[in-house]
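So that we are looking at the same thing, I have put the structure below in structure tokens.
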């Protein structure tokens, strides 16, 4: 029987609660939190109580250096991801890091290189790939029921209030604005469904009273396959009909997630006369992604949401920010190539 993966939780803010709940649901025979860390001792102690950890500290280095930890779960402000992850890799620790992987492509690629050099797993928490409806959509695409993807539309609508003085108000620390911070989820999903993005253009809306980065944006993407897609995101939606919409059209059918997952396909008689709602067994996506992380550690596998995948998604988000600043289309691959050249 395999030993449980022993975790050091670094960063005990909001998202760490979901991570701890998922770990507890998997059970102590699979994963166990040994130590928690936050600059606020009270938060570290609170999350330690939640997770059943015996150690709560304020210095992340004290966690990374522990011999009784196999992996770190990084839930820190985005601009701190790289230093902690690279140090953890050099200490031989596997890494599970919240999205986005870092605030710059150079930092993201340096994390990938450090994990490769140390032969440790680097996985980014793009949890939407592990949601049941999205998993089923990917399966339907791979099985050919929609034909070749042509057009996709995705949305991400929230009303996010960031308190004055909070790090997420700062564009540099967040790595941009709403697109890089939350839109990256939707961009990553589109890359998983369709493939690599060739060109990006974007328009954005700013509200300096709420944050430095863009608070809303529209991102247009053309994929290497020729398919096109659109992301609309807002962090100032006071009232909305939906949170995350997906509409995807192919040469043989289309799929959407309005009030459940629905499909039309000319390739299957029972799906060819109108939209049919599919039964999808719900799963806890946070538990599913952590289970995958454990499997990758035990079996030496490359994660579905690997560091490399995360950097490619980040390149699209950064291309969107560059496009809105220059008014030109931007090729994400060019940005990534430059970043890779700069990292020794």
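How many percent of Cα pairs in segment 1-141 exceed 22 Å?
Looking at segment 1-141, the distances longer than 22 Å represent 37 percent of pairs.
Same structure, new question: What is the gain in length, in nm to one decimal, between residue 277 and residue 259 on full extension, counting 0.36 nm per residue of separation less the C-alpha to C-alpha distance?
Going from the current span to full extension adds 5.6 nm.
Ok, one more. If a/c stays under 1.5 just call it rounded; otherwise compare a/b with b/c (prolate if a/b is bigger, oblate if not). Do that for segment 143-209, with a ≥ b ≥ c from the square roots of the Cα gyration tensor eigenvalues.
Since a/c reaches 1.5 and a/b is larger than b/c, the shape of segment 143-209 is classed as prolate.
Suppose a student asked you for the relative contact order of the chain, using Cα pairs under 8 Å spaced at least 6 residues apart; what percent would you report?
Once divided by the residue count of the chain, the mean separation gives 19 percent.
For a protection proxy built on the mean count of beta-carbon atoms within 10 angstrom, sort 125-136, 292-303 highest first, please.
The densest-packed peptide leads the list: 125-136, 292-303.
Oh, and also: Angle, helix 105-118 long axis vs. longest principal axis of the chain, Cα atoms, 0 to 90°, nearest 10?
It works out to around 60 degrees.
Under the 0.36 nm per residue contour assumption, what length would be gained going from the current alpha-carbon distance of residue 62 and residue 17 to full extension?
Residue separation times 0.36 nm, minus the Cα-Cα distance, leaves 14.1 nm.
Still on this structure, I have one more. Considering only DSSP beta bridges where both residues belong to the chain, give the percentage that are antiparallel (nearest 5).
The antiparallel fraction comes to roughly 55 percent.
Calculate how steeply helix 41-51 sits against the longest principal axis of the alpha-carbon atoms of the chain, using the helix alpha-carbon long axis, and give the answer as 0 to 90 degrees to the nearest 10.
Its long axis makes an angle of about 70 degrees.
Which of the peptides 187-198, 148-159, 305-316, 52-63 is most tightly packed, and how do the rest follow, judged by the mean count of other Cβ atoms within 10 Å per residue?
Order by mean packing, descending: 305-316, 187-198, 148-159, 52-63.
Something else about it: Hey, what did segment 216-306 get for relative contact order, percent, Cα under 8 Å, at least 6 apart?
12 percent
Return the Rg/Rh ratio of segment 208-344 with Cα-based radii and a Kirkwood Rh.
1.02
One-quarter of the Cα convex hull surface for the chain, in nm²?
Quarter of the Cα hull surface area: 17.8 nm².
Label residue 343 and residue 299 with points 7 Å out from Cα along Cα→Cβ: what is the distance between them in nm?
Taking the two extended label points, one gets 2.6 nm.
Same structure again: Roughly how tilted is helix 14-26, in degrees to the nearest 10 and between 0 and 90, from the longest Cα axis of the chain?
80 degrees
Computed from the coordinates by the stated procedures, all read-outs in this text should not be read as laboratory data. From a predicted model like this one, the values you see are computed outputs, not experimental measurements. Every residue, glycine among them, receives a Cβ derived from its backbone with ideal geometry; neighbour counts consider all protein chains shown.
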